[in-house]
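Here's the structure, in structure tokens; my notes come after.
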Amino acid sequence: MTNRLYVIGAGPGDPSQLTLAASETIARCRCAVAAPRHAGLAAKCAKLVPLRGFDETFAAIERELELGDVAVIVSGDPGIYSLMPLLKKRFPHAALEVLPGVSSLQSLCAEAAETWESVRILSGHGRGISEAKVLTTVDRSRTTAFFCGTDKNPRWFCSLLASRGLGHVNVTVGERLSYADKKITRGRPSELAGMDFDGLSIVLAVNPNPSPEPKLLPRDEDFIRTKVPMTREEVRAAVLAKLGLSEDSVLWDIGAGTGSISVAAAMICREGEVHAVEINDEAHALEAENVKKFRLFNVTLHKGSALEILDKLPRPTHVFVGGSGDELPELLARAAELEGVRVVVSAVTLKTFRIASVILGGETFTDFDAVQINVSKMKKLGESEVMTAQNPVAIFSATARGALREG
């Protein structure tokens, strides 16, 4: 008969929180795998294997499964940020059985007298998470739970909220939940940002006035406007279609202007980044206002010449050039080096038209495409309505081959 691999939730940590079924299963297994703080839960098991590096631990599990049942003890509940997905991937044919436990999320919500069916769950424990992800989630959700890590601790979390306009959120920090020395601290982010907390902490943020989810494709009238030119909504929709952004895309928006492309793109790539580059002072200030209005935390603004700024930016997956002046040939040459990056250029002048068509249609790019959009908008004229033509806009798109620069 195939030996069984059990994934057992230890609960928050104190032995009193371990379920009877979990305790009995651990006792009858040949071997238990546990981190040092959970070693006491496996006292009745015949053999204990310390949970160390993944490769070493999984090799030990494989050896022990040949000889008998193995219990892997994980923190809290196996269904929330545990080893279970890795175990399923590493042992796809094992007879796997999961025994749930009380999660620290459940414990903290109980302490805060909050239900958790609608809680948005984030983790900075042993994994990367962006500031934008945390800020956007807290801003748009009534309740957010954050599993803390060594660096992404309650102090970091509260400092981030306090510095980015979310100081009104109510925060509850639970330390060493279930243990005799547990501690619950409540307050506003600015009050908690200067405090130290235990490494075994979880944070619950309650936003009494969460921001509504923005429209995916904002209208022109949604933006703050000045005399700075803006990519209009019909053209904006076509540009976004040609870019083909995904949720985790990294976009360079060069010559960002009012920020209409940056704003619309940031709504699509929620898990990604938008880096807006603009040299004009008025346009740069205007984009900052629009980004603030739409409460977008994944947009970073850069003031100055694009060619001077590009080396400071993370590698993009997509590049949009809406305005660049005499820098366009060099910008496209730089973009051509980035293999697989999708590049889109909008053109209203014949000069931009010529440069974009020649370079994007050349040997350093592939999948070249060009489309011209002619839009007419309804306008009131006396007692009647007429269609008024706007300037045509050409949109060029291609994918970089990854050409090497000479010299």
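The values are calculated or read from the model by the stated rules, or taken from the named source; none is laboratory data. Given the structure is predicted, the values throughout are model-derived calculations rather than measurements. Don't worry about glycine lacking a Cβ; one is built from the backbone with ideal geometry, like all the others, and counts go over all protein chains shown.
Only one of these is surrounded by fewer than 20 Cβ atoms within 10 Å (Cβ to Cβ) and touching a helix residue (DSSP H, G or I) at 6+ places or on another chain (Cβ under 9 Å): 347, 398, 394, 356. Name it. Matching residue, one of 347, 398, 394, 356: 394. What helices (runs of 4 or more DSSP H), lying completely within the stretch 42-126, carry at least 1 residues that are touching a Ser or Thr at 6+ places or on another chain (Cβ under 9 Å), over 14 Å from residue 29 (Cα atoms) and in the same structural domain as residue 186 (by TED's automatic domain parsing)? Here the list reads 104-111. Residue 126 meets each of the listed conditions (1) at pLDDT below 90; (2) at negative phi apart from (2).
Give the stretch 281-338 a look and list any residue that's farther than 19 Å from residue 396 by Cα, of a type in the set (D, E, K, R) and either touching a strand residue (DSSP E or B) at 6+ places or on another chain (Cβ under 9 Å) or not assigned by TED's automatic domain parsing to the domain that holds residue 260 (or both), or say none. Selection gives 281, 287, 303, 312, 315.
Which one is farthest from residue 399 (Cα to Cα) among residues in the stretch 203-261 that are of a type in the set (Ser, Thr, Tyr) and surrounded by 19 or more Cβ atoms within 10 Å (Cβ to Cβ)? Only one residue tops the list, namely 258.
Taken together, the residues in the stretch 359-391 that are buried (at least 16 other Cβ atoms within 10 Å of the Cβ) and farther than 17 Å from residue 243 by Cα amount to 3. Highlighted here are the strands (runs of 3 or more DSSP E) found entirely within the stretch 322-394 that include at least 1 residues which are out of contact with any Pro (no Cβ under 6 Å at 6 or more places or on another chain), touching a residue at least 60 places away in the same chain (Cβ under 8 Å) and acidic (Asp, Glu): 365-373.
How many residues does the stretch 127-147 hold that are in contact with an Asp or Glu (Cβ under 9 Å, 6 or more places away or on another chain) and in a loop (DSSP other than H, G, I, E, B)?
So in the stretch 127-147, the residues in contact with an Asp or Glu (Cβ under 9 Å, 6 or more places away or on another chain) come out as 130, 132-133, 140, 143.
Imposing the further condition that a residue be in a loop (DSSP other than H, G, I, E, B) reduces the set to 130.
Of the residues in the stretch 127-147, 1 are in contact with an Asp or Glu (Cβ under 9 Å, 6 or more places away or on another chain) and in a loop (DSSP other than H, G, I, E, B).
Do we find a residue being surrounded by 15 or more Cβ atoms within 10 Å (Cβ to Cβ) and more than 21 Å from residue 179 (Cβ to Cβ) anywhere in the stretch 97-110? Yes - at least one qualifying residue is present in the stretch 97-110.
Checked against the criterion of being buried (at least 21 other Cβ atoms within 10 Å of the Cβ) and of a type in the set (A, V, I, L, M), the candidates 42, 94, 60, 21 yield just one match: 42.
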